[in-house]
Amino acid sequence: MDCVKFEPAQLSPHEAARRRHRIVTIVLLLTGPAVLTMADLHQRTGFDAWKFLHLALFALLFLLVALGAAQALVGYVLRRRGGDPCRIVGSLDSADDQGTILAPTAVVMPICNEEVARVIEGLRAVYESVGRSGRLAECHFFLLSDSTDPNCWIGEEAAWLALTRRLGAQGRIFYRKRRIGINKKAGNIADFCRRWGKLYRYMVVLDADSVMTGDAIVRLVRLMERNRRVGIIQGVPLLVNGETILARLQQFASRLYSPVSVAGLNYWQLSEANYWGHNAIIRLAPFIRHCSLPELPGSGPFGGRILSHDYVEAALMRRAGWEVWLATEMEGNYEECPATLIEFAQRDRRWLQGNLQHARFLVARGFHGANRAHFMLGILSYLASPLWLVFLVVSTVIAARFAAAGLVLLPGRSFASYVHWSYPAQALSLFGYTMTLLFLPKALALLDLRSRREDLADFGGRRKLLPGVALESLIFTLLAPVLMLFHTWFVILTLAGSKVSWGAQLRERGAAHAWVEPVVAHGGQTVLGLIGAALVLRIDPRLALWMSPILAGLIFSIPFSYLTGSRTLGRALRRRGIFETPEESRPLPELAQLDEALARRRQGLPHSPELAANYGLLQAVLDPYVNAVHVSLLRAKDEPAPGSEERFIALRRVLLREGPRALMPRDRTALLMDADSMHALHHELWACPSAQLAAWWQLALQHYTRVAPAPQTAFSR
Amino acid sequence: MNSPSLAAAPLSPADPDWDEAFLRVQSYLRSHGLESPVLLSQITGEIIRDAEARAAAGRTDAPVTLAMEVTHAFIGAWFARAGQQIDWANERARAQGRLALIIADLPGRWANYFLSPEPVPAELAAAMTSFQILPGPELSLSNMPPALLEFGFAESGDPVLAAKKTWLPLRSMVSWLFIVGLFGVAWAAGH
């Protein structure tokens, strides 16, 4: 595309307002006819309070559907015209790409109890890619650990040192573990900023499962250098490395549909875009000055620490006058996604509480209107589920009241009498219109792809793409009611003040996905689906037919969850080219190497199940090198607290004589944090006769023993 | 087998405690990356004989304990030969020594030189001397005060945009009301 270079600084202050005006106008134009038709349907059979409520819910939910459609529509038109002229990536030209950049940049990866192999290999892929782009001299890489699980913590330390040795990256890749993980991920990043932020002009934030190519990082730095009023540029990561049906489905859908939607999103956001917490570049000086998160007044779900920090940080940056942009159409930016429906729901549970907490920011002073819109849309993305559920319940109540009255339907005339709409035809038209808008983004994305032959081939061609789209639409249709119930339940829990546990996501491949987990997670939904089906069948079989996709999704949620989480089926579909993405058909070297390295590492995973639960502790005590690395990274003790030495001696004795299970997790962690204890444990364990050691340690020592057990023969005693 | 040190060693009657000590020492050496069976047997044998001698001299510690004591002394002596001034009796210093070994990639590149009677390669000795572990750059502290948040309905935060308040929002509101009004008229006309 031959486009004019974009100068964000010369963007008219009215441009964003004009664009938002157009989007809202399209939304109103799309929503109006639907609301009018629904109101008329109610009018024809007589309005009552239930129908007013039904109409209000319909209007609200339809607004959200229309917003998605409007964004896709605008995005499609822009792409057909060669792309939005107001894209931040358009602010660079070929001369900028050749110029020297001397901007010290920190690439940070905050981690918390993540799979160590994935973290390390992901960072290696990024590091080597930056090396290939010739920009290592300006970059430092940081693993910022908040891991509390000793298996992860100890594994990270050893793997970090091994990585720096392997890459010759001493003094270039750093590892920092916080003793206390105050304020979760936001606190982790803030701690980095306080210690080292002054040393760097930019910070590229990665997630534990992110991969960014060196070219993408360099391009982000160039964009920041070129646009000195920009505080944050958020990349649009593509989903990769999925193996289960659900993961491959998500990456297929996001890869296929997101270009059009994201173009529409950028259209109205412009310099008031959002920050998604990772795969973004941040200008450190204003971030340090303006974006430290305070605690919210009060307690409960809306008070205390800010859980979803990214939206708030973007709003604070914008409040301070710095622009925030979305980098559309920039390649080399990837992340992974949850592998199963249950992991998907667990992630949503965390995000939901954070987003609901943003309700307070709707009325925070000084925030830009666009940021309030981001907060509102984030809240509605989850509140839509309970609203939809209430809408379904109200629909059922209206039908039940009609059935109970025993009346025959004699509707009045439609307001559009000139089209001679019968009541069923009007209802079906409304349904068709709603479905059209719901599926419009998909249809437009397919049309957009049709004009790009090479991209179409990367999706496996039309023959594989279309069955994929059909299957994806079917699965997401069945998935929607399951998520609706999950989200509704989470909203209730959050409003009731139930805390969300921010544990690491279980993303690793190979994790057993047994039947028991779906049964426990979806048992209630299945029962609700069966009750709902019986109820609506009793009220009106036609209503049951209308609601059948919703009821089927709930009734079959257990096998649905199990099957969509299956790696075997996911791989089988991949062999047939279903849900194929360009990243699968033509993987980048970074992704291919990551895949190979992980396969090698995971094959080598050892240890007996008995030792696995405390393998980190085992290594830190037993292995001479892991022990040495671990104690070298512990902070030296200033002055031991009175009585602490005696406590540690007692804990060490229990650990060696009775094994790790005899200690509370906090005591094991205390020992791991005490350098003197770790020195002493290593020495005492190796020098102690087996008879005085716990059976667990005897088993652990056998790892290093060369002698195999005597062969068992008929003469063995 | 042609192992002079083993051939010269007096054979002790089998003793489970010394067998355990032998295995423990061998395991400890393996945990450092030493995998050569010949070297392992040779060095472990020497260590056990030394430990037995200490026991014979009146030490009452368990064979495993004695053998590990000798092992540490053995490693300390090897470090000294490599030019490393490390007080091997001190566990903290020993951890530093082990760190030097791993950073110099002893298990990967030099495993068969570990504790071997051969001279320590100069490259290994240099790598052990110059080792350092850098978990982070030098601190450069910044103050990061929490942002001030006030709750209550509010003006735009962008001072640039706030100063350029335009008629656009008003025009937008009017046009949106007009659209809603049109639908209202359509409704009213039909009923």
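For region A:106-178, just say rounded, prolate or oblate: build the C-alpha gyration tensor, square-root its eigenvalues into a ≥ b ≥ c, call rounded for a/c under 1.5, and beyond that prolate if a/b exceeds b/c, oblate if not.
prolate
Compute, for the protein assembly as shown, the length of the dipole vector about the Cα centre, with Cβ point charges of +1 (Lys, Arg) and -1 (Asp, Glu) only. Units Debye, rounded to 20.
2840
Taking every pair of distinct Cα atoms and averaging 1/r, then inverting, what Kirkwood hydrodynamic radius in Å comes out for region A:197-335?
16.1
May I ask you to order B:135-146, A:133-144, B:112-123 by the average number of other C-beta atoms within 10 Å around their residues, highest value first?
In decreasing order of mean packing, B:135-146, A:133-144, B:112-123 become A:133-144, B:112-123, B:135-146.
Compute the long axis of helix A:150-167 from its Cα atoms, compare it with the longest principal axis of the Cα atoms of chain A, and write down the angle in degrees, 0 to 90, nearest 10.
Around 80 degrees separate the two axes.
Tally Lys/Arg at +1 and Asp/Glu at -1 over every other residue whose Cβ is under 13 Å from the Cβ of A:LEU123; what's the total?
-4
Angle check, please: helix A:423-450 long axis (alpha carbons) against the longest principal axis of chain A (alpha carbons), in degrees 0 to 90, nearest 10.
Orientation of helix A:423-450: about 50 degrees from the principal axis.
Tell me, in nm to one decimal, what length is gained between A:ALA427 and A:LEU362 on full extension, where the rule is 0.36 nm per residue of separation less the Cα-Cα distance?
19.7 nm
Expressed as a rounded percentage, what relative contact order does chain A have, with Cα pairs under 8 Å and six or more residues apart?
With pairs under 8 Å counted, the relative contact order is 17 percent.
Would the protein assembly as shown count as rounded, prolate or oblate if I go by the C-alpha gyration tensor, calling it rounded below 1.5 in a/c and otherwise prolate when a/b exceeds b/c, oblate otherwise?
Verdict is prolate for the protein assembly as shown.
Could you give log10 I(q)/I(0) at q = 0.14, 0.15, 0.32 Å⁻¹ for region B:85-137, computed by the Debye formula over C-alpha point scatterers of equal weight, without solvent?
Treating every Cα as an identical point scatterer, log10 I(q)/I(0) equals -0.38, -0.44, -1.28.
Using the per-residue mean of other Cβ atoms lying within 10 Å as a proxy for protection, in what order, highest first, do the peptides A:690-700, A:226-236 fall?
Result, highest mean Cβ count within 10 Å first: A:226-236, A:690-700.
With no solvent and one equal point scatterer per Cα, compute the Debye intensity ratio I(q)/I(0) for region A:22-125 at 0.18 Å⁻¹ and report its log10, rounded to two decimals.
-0.94
Under unit Cβ charges (Lys, Arg +1; Asp, Glu -1), what dipole magnitude, rounded to 20 debye, does region B:44-138 have relative to its Cα centre?
It works out to roughly 60 debye.
Let me confirm one metric for peptide A:361-368, namely the mean number of other chain beta-carbon atoms within 10 Å of its residues' beta-carbons.
6
Using the per-residue mean of other Cβ atoms lying within 10 Å as a proxy for protection, in what order, highest first, do the peptides B:176-182, B:41-47, A:322-328 fall?
In descending order of packing, they fall as A:322-328, B:41-47, B:176-182.
For region A:311-347 and region A:16-84, what is the separation of their Cα centres, given in Å?
Rounded to whole Å, the Cα centres lie 26 Å apart.
Helix-only mean residue ellipticity at 222 nm, chain A, DSSP H runs n ≥ 4 weighted -39,500 (n - 2.57), per residue, nearest 500. What is it?
-20000 deg cm²/dmol
To the nearest 20 Debye, how big is the dipole of region A:526-612 about its Cα centre, given +1 on the beta carbon of each Lys and Arg and -1 on that of each Asp and Glu?
Dipole magnitude for region A:526-612 comes out near 240 debye.
Counting only other residues whose beta carbon sits under 12 Å from that of A:LEU456, what net charge do I get with K and R as +1, D and E as -1?
Cβ neighbours under 12 Å give a net charge of +1.
Given the C-alpha centroids of region A:157-178 and region A:545-624, what is the distance between them in whole angstrom?
27
Let me know the volume per residue of the alpha-carbon convex hull for region A:116-266, in Å³.
Spelled out: Cα convex hull of region A:116-266, divided by residues, is 152 Å³.
Each reported figure results from applying straightforward, stated rules to the coordinates on display, with no laboratory input. For clarity, every value in this text was computed on a predicted model and none was experimentally measured. Heads up, the Cβs are rebuilt from the backbone with ideal geometry, glycines too, and the neighbour counts pull from every protein chain shown.
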